[in-house]
Amino acid sequence: NQQKEMLIKEIHHRVKNNLMIISSLLNLQSNYLKDEESKEIFKESQNRAKSMALIHERLYRSTDLKNIAFKEYITTLANDLYRTYVKDPSRVHLQMIIENVNIDINAAIPLGLILNELITNSMKHAFPDGREGTISISFEKNNDEFILKLSDDGVGFPPDLDYTKTDSLGLQLVTSLTSQINGKIELDRDHGTKFIITFKEIGI
């Protein structure tokens, strides 16, 4: 069993290295692009690769693949994305209330990508034209249920937009990844945008 664990960790290490290579290649390719929209697409793909690499690095370092400390991962990811997308930190604030919750490997990878998409979405779209505000992330466990909340007090979703049927690749990813962990997703539009994702232990 120890040998199996070592093998799994070695695989995660190699996956992480490959993802970092992909991220670097995307970065190099984007230097040749002229229009901003294409550059943006490349940047988002690069961040997805980096987000996945970060989780594989955590999995490689973890002593127990059934109990991965997720607080540090969320904090690192959110701060990385904040540095990438928020040009004026005095205008958009980042608030995190993350419990020391352990999750297993099956939930860790989809959840890492869900976080990447929702955080990116808020940072890119919630505060146009110099608006000020706060992006809040919370993660906790209540009995056997995990609760992830990501909210902002920005402009909010257009009232006629159905996030489950949008053209946005990011939100399509969030919807399909949430179902992958047998989770439930809610969108509260009362004050800005608030996504609440709940799911239970999957087990290996």
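Points to keep in mind about this one:
- Filtered residue count, the range 51-78, keeping only those that are touching a residue at least 60 places away in the same chain (Cβ under 8 Å) and crowded, with 20+ Cβ neighbours inside 10 Å: 4
- Condition met for Asp153 (at pLDDT 95 or above and either more than 21 Å from Ala69 (Cβ to Cβ) or among the basic types (Lys, Arg) (or both)): yes
- Unique residue being farther than 17 Å from Glu117 by Cβ and among the hydrophobic types (A, V, I, L, M, F, W, C) when the list is Ile147, Ile185, Ile197: Ile147
- Take the conditions (1) open to solvent by less than 10 Å² (accessible area, probe 1.4 Å); (2) part of a helix (DSSP H, G or I); Ile135 misses just one of them, which is (2).
- Search result, residues across the range 12-29 that are small (Gly, Ala, Ser) and open to solvent by 40 Å² or more (accessible area, probe 1.4 Å): Ser24
- Which numbered condition Lys9 misses (of (1) at pLDDT below 90; (2) farther than 30 Å from Ser151 by Cβ; (3) loosely packed, with under 13 Cβ neighbours inside 10 Å): (3)
- Candidate set: the range 190-204, residues that are open to solvent by less than 90 Å² (accessible area, probe 1.4 Å) and modelled with pLDDT of 90 or more; chosen: the one farthest from Arg131 (Cα to Cα): Phe199
- Against the list (1) touching a Phe, Trp or Tyr at 6+ places or on another chain (Cβ under 6 Å); (2) part of a helix (DSSP H, G or I), the condition Leu148 fails is (2).
- Among the residues making up the range 79-116, a single one is closer than 20 Å to Ile196 by Cβ, open to solvent by less than 60 Å² (accessible area, probe 1.4 Å) and in a loop (DSSP other than H, G, I, E, B): Val101.
- Residues of the range 88-116 classified as of a type in the set (D, E, K, R) and modelled with pLDDT under 90, total: 1
- Against the conditions (1) closer than 16 Å to Ile147 by Cα; (2) open to solvent by 50 Å² or more (accessible area, probe 1.4 Å), His125 satisfies every one except (1).
- Hey, Gln3 farther than 26 Å from Glu140 by Cβ, touching a helix residue (DSSP H, G or I) at 6+ places or on another chain (Cβ under 7 Å), open to solvent by 70 Å² or more (accessible area, probe 1.4 Å) and of a type in the set (S, T, N, Q) or not: no
- Restricting the first member to the range 30-43 and to residues that are closer than 15 Å to Thr120 by Cα and open to solvent by 80 Å² or more (accessible area, probe 1.4 Å), and the second to residues that are modelled with pLDDT of 90 or more and of a type outside the set (Asp, Glu), no beta-carbon pair is closer than 7 Å while six or more apart or on different chains.
- Subset of the range 169-197 (residues that are in contact (Cβ under 8 Å) with a residue 60 or more places away in the chain and part of a strand (DSSP E or B)): Thr193, Phe195, Ile197
The values are calculated or read from the model by the stated rules, or taken from the named source; none is laboratory data. Please read these numbers as outputs of a predicted model, since none were measured by experiment. Don't worry about glycine lacking a Cβ; one is built from the backbone with ideal geometry, like all the others, and counts go over all protein chains shown. Each accessible area value is taken on the protein alone, full model and side chains, heavy atoms only, with ligands, DNA and RNA left out. Shrake-Rupley method; radii C 1.70, N 1.55, O 1.52, S 1.80 Å.
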